[in-house]
Amino acid sequence: MNDLIVKLLLVSNDYAVDSIMNDVFSSNNFELNVFNTFFEAKLKEKTKEYSMIIINDDMLSDESLFSFVMEFSSKYPIIIITDKDEEKNIDKYFKVGVSDYFIKPLNLKLFWYKIKKILDDDVQKKKSKEESKLLGELMHQHKVEESIAYYVYNHMIGEENKPNFLHSYTLSADNFSGDIQLHSQSPSGSHYILLADATGHGLAAAISVFPLASIFKSMISKGHSAEMVLEELNSKLGDYIPPDRFISAVLVEVDLYSRQLKVWNGGMPTALIYAENNMKEKEAESENMALGILGDKEFDTNFLTMPLPKKGFLFMYSDGLTEQCNKVGEEFGEQRVFDVINNTAVELLVDGVMEESNSFRGNMPVNDDISICVIDFEKI
């Protein structure tokens with residue numbers, strides 16, 4: 001207990017017990033209010049808050065005592081002092097919530113330490129109850145705020161129907177994903193596919209991709225070139241997101257008019273280009289910095305450019321796929337990805353890789369957001 005005065009209520013009409021209780025508590029910074037009847041005690045309880053009620057039952061009727069305990073045991077610790085040691089009597093009061101039951105004659109030292117322990121426990125119990133109430137309120141507020149954020153996230157990230165040559169999937173490590181997959185078609189007919197991975201995961205990472213989605217869609221709809229789209233994304237993200245945050249990305253342009261494929265990789269795992277029969281033809285390695293790090297002059301927008309293949313596919317993914325661990329701490333790794341690619345038809349590739357990843361992960365939590373994107377050249 002602290003140094004503040006602790007108020008106790010004693011119900012007793014035995015002068016000897018009253019005197020002993022006064023001696024015990026007054027020397028320990030306790031204020032003891034004594035009342036001779038339960039009626040008086042109830043009246044006083046309505047105007048003053050107590051930390052404990054002590055009852056000397058020698059001259060009080062069992063019926064009144066039991067009724068009083070039933071009424072107040074949920075609000076206060078209640079102590080009974082008595083010379084009645086029948087097991088049935090003791091059991092009856094503990095069942096309705098009595099904190100302790102002392103048989104006379106009292107061992108005053110033991111009585112004091114047990115009273116102090118009960119008061120300390122009650123303080124902790126009330127504190128825990130208040131903290132639980134506060135936590136519940138905070139969690140409710142968090143859910144409200146999260147639902148608003150989720151609504152905004154879905155409406156900003158929400159995109160047009162994907163073309164049938166584009167297969168993709170995202171598995172989030174949290175309610176919000178820091179990975180984002182966007183598709184947009186320019187007025188000239190070119191398709192732009194962006195796979196991006198913001199630092200971290202959850203809502204903090206998802207917030208970073210909000211401006212990216214807006215800028216990407218706006219720039220494509222106005223017919224800007226892929227290079228200009230990248231420059232704008234890098235410049236604006238440098239302004240909009242914190243300096244310790246960045247966004248790795250792969251930007252792909254499928255130019256239907258000139259039949260070209262262009263790939264830019266900044267900080268993402270190598271994008272893999274496969275020819276017919278799942279034979280690897282080219283790799284678009286990360287030769288650029290992630291978005292939002294470099295200034296305009298240092299930022300490089302050079303694309304890997306090649307004729308648009310008639311068959312085969314482009315496979316790209318976020319590092320959450322290969323860095324996912326199983327129960328023994330082993331990472332999924334690139335080789336398992338290659339094994340699935342070599343033995344799976346392109347239309348089943350996304351599902352095949354995710355099935356292998358989930359089987360490998362087992363019951364382990366998802367370490368980081370996982371995204372996979374496949375462009376099927378034959379369907380373009």
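General remarks:
- Summary value for the chain: 13 percent relative contact order, contacts being C-alpha pairs under 8 angstrom separated by 6+ residues.
- Counting Lys and Arg as +1 and Asp and Glu as -1 over every other residue whose Cβ lies under 13 Å from the Cβ of LEU108, the net charge comes to +3.
- Bridge orientation summary for the chain: considering DSSP beta bridges with both residues in this region, about 70 percent are antiparallel.
- Highest-first packing order for the peptide set 221-229, 310-318, 132-140 is 310-318, 221-229, 132-140, based on the mean count of other beta carbon atoms within 10 Å.
- Helix 203-221 vs. the chain, principal-axis angle (Cα, 0 to 90°, nearest 10): 30 degrees
- Estimated inter-spin distance, GLU86 and GLU298, nm [label 7 Å along Cα→Cβ]: 8.9 nm
- Among the listed pairs LYS104/LYS125; LYS133/LYS327; LYS217/LYS297; LYS127/LYS327; LYS44/LYS114; LYS95/LYS133, a Cα-Cα separation exceeding 32 Å is found for LYS133/LYS327; LYS127/LYS327.
- Spin-label pair ASP174-LYS104: with each label point 7 Å from Cα along the Cα-Cβ axis, the two points sit 6.4 nm from one another.
- Measuring r between the beta carbons of GLU355 and LYS127 and using R0 = 51 Å, the FRET efficiency lands at 0.55.
- Between amide H atoms placed 1.01 Å from N, distances below 5 Å from PHE246 occur with THR199, all of them 5 or more places distant or on a separate chain.
- Using the Cβ-Cβ distance between TRP112 and THR270 with R0 set to 56 Å, the FRET efficiency works out to roughly 0.15.
- Three-way shape call for segment 1-85 based on the alpha-carbon gyration tensor, with the a/c threshold at 1.5: oblate
- 17 Å reach of a label modelled at SER214, 7 Å along Cα-to-Cβ, counting backbone N of segment 220-256: 220-222, 232-242
- Loop-located trypsin sites (Lys or Arg not before Pro) in segment 237-307, at most 13 other Cβ atoms within 10 Å (DSSP): ARG259, LYS297
- Stretch gain in nm, segment LEU43-GLU378, where the contour uses 0.36 nm per residue and the Cα spacing is subtracted: 111.8 nm
- Overall, the accessible surface of the chain at a probe of 1.4 angstrom is composed of carbon and sulfur to the extent of 51 percent.
- Cα gyration tensor category, rounded, prolate or oblate, for segment 256-326 with a/c compared to 1.5: oblate
- Surface analysis of the chain yields an accessible area of 52 Å² per residue, using protein heavy atoms and a 1.4 Å probe.
- Cleavage-rule hits (GluC sites (Glu not before Pro)) in segment 27-69: DSSP loop, at most 14 neighbouring Cβ within 10 angstrom: GLU49
- C-alpha long axis of helix 108-157 to longest principal axis of the chain, angle in °: 30 degrees
- Angle between the chain longest axis and helix 333-342 axis [Cα atoms, degrees, rounded to 10]: 50 degrees
The values are calculated or read from the model by the stated rules, or taken from the named source; none is laboratory data. Values in this document were obtained by computation on a predicted structure and should not be read as measured data. Reconstructed Cβ throughout: ideal geometry from the backbone, glycine too, with neighbour counts over all protein chains shown. These area figures cover heavy atoms from the full protein model, side chains too; ligands, DNA and RNA do not enter into them. Shrake-Rupley method; radii C 1.70, N 1.55, O 1.52, S 1.80 Å.
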